[in-house]
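Undergrad: Below you will find the structure I want to go over with you.
The values are calculated or read from the model by the stated rules, or taken from the named source; none is laboratory data. Fair warning: this is a prediction, and the values are worked out from it, not measured in the lab. So basically every Cβ, Gly included, is an ideal-geometry build from the backbone, and we count neighbours across all protein chains shown. The area values use the complete protein model at the heavy-atom level, side chains included, leaving out ligands, DNA and RNA. Shrake-Rupley method; radii C 1.70, N 1.55, O 1.52, S 1.80 Å.
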Amino acid sequence: MILGMFCGLLMYIAVFGYYYTQNLAFIIWPVTVFILSGFNHCVADMFYLILSSNSLKEFESLIPTTLGNVVGAQIIPLLLQYHRQKS
């Protein structure tokens with residue numbers, strides 16, 4: 001789940017950064033770090049599971065990965081919201 005959280009965090013940075021700056025570096029760097037670090041992404045894992053033996057145990061590994069992706073993608077928005085409410 002932790003590897004999924006880091007992936008979600010990096011993907012949020014990529015999308016958020018590109019949306020506000022229109023700079024491709026905000027897509028290239030987080031995706032490069034994600035790939036080189038070996039973090040888990042639920043959509044990419046689904047592709048590999050389709051190519052594999054499709055056992056139930058392998059599909060069960062998608063649950064923590066998906067939850068990690070969701071939680072990781074919400075870390076920055078929650079911190080920003082907390083900071084706005086505090087100030």
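Undergrad: Return the residue satisfying two criteria in turn: it lies in region 38-66 and is open to solvent by 90 Å² or more (accessible area, probe 1.4 Å) and either assigned to a loop (DSSP other than H, G, I, E, B) or of a type outside the set (A, V, I, L, M, F, W, C) (or both), and of such residues it is farthest from Met5 (Cα to Cα).
TA: Only one residue fits best here, namely Lys57.
Undergrad: Can you say whether Gly8 is among the small types (Gly, Ala, Ser), part of a helix (DSSP H, G or I), touching a Ser or Thr at 6+ places or on another chain (Cβ under 8 Å) and surrounded by 12 or more Cβ atoms within 10 Å (Cβ to Cβ), as far as the supplied structure shows?
TA: It is false that Gly8 is among the small types (Gly, Ala, Ser), part of a helix (DSSP H, G or I), touching a Ser or Thr at 6+ places or on another chain (Cβ under 8 Å) and surrounded by 12 or more Cβ atoms within 10 Å (Cβ to Cβ).
Undergrad: Would it be correct to say that Val33 is of a type outside the set (S, T, N, Q) and touching a Leu at 6+ places or on another chain (Cβ under 7 Å)?
TA: yes
Undergrad: Another question, if that's okay. Can you say whether Leu3 is at pLDDT 90 or above, of a type outside the set (Val, Ile, Thr) and open to solvent by 60 Å² or more (accessible area, probe 1.4 Å), as far as the supplied structure shows?
TA: yes
Undergrad: Condition first: touching a residue at least 24 places away in the same chain (Cβ under 8 Å) and open to solvent by less than 70 Å² (accessible area, probe 1.4 Å). Now tell me which residues in region 11-37 satisfy that.
TA: Those that are touching a residue at least 24 places away in the same chain (Cβ under 8 Å) and open to solvent by less than 70 Å² (accessible area, probe 1.4 Å): Met11, Tyr12, Ile13, Phe34, Ser37.
Undergrad: Report, by residue number, each residue of region 11-37 that is over 15 Å from the mean Cα position of the chain (by Cα) and assigned to a helix (DSSP H, G or I).
TA: The answer is Tyr18, Tyr19, Tyr20, Thr21, Ala25.
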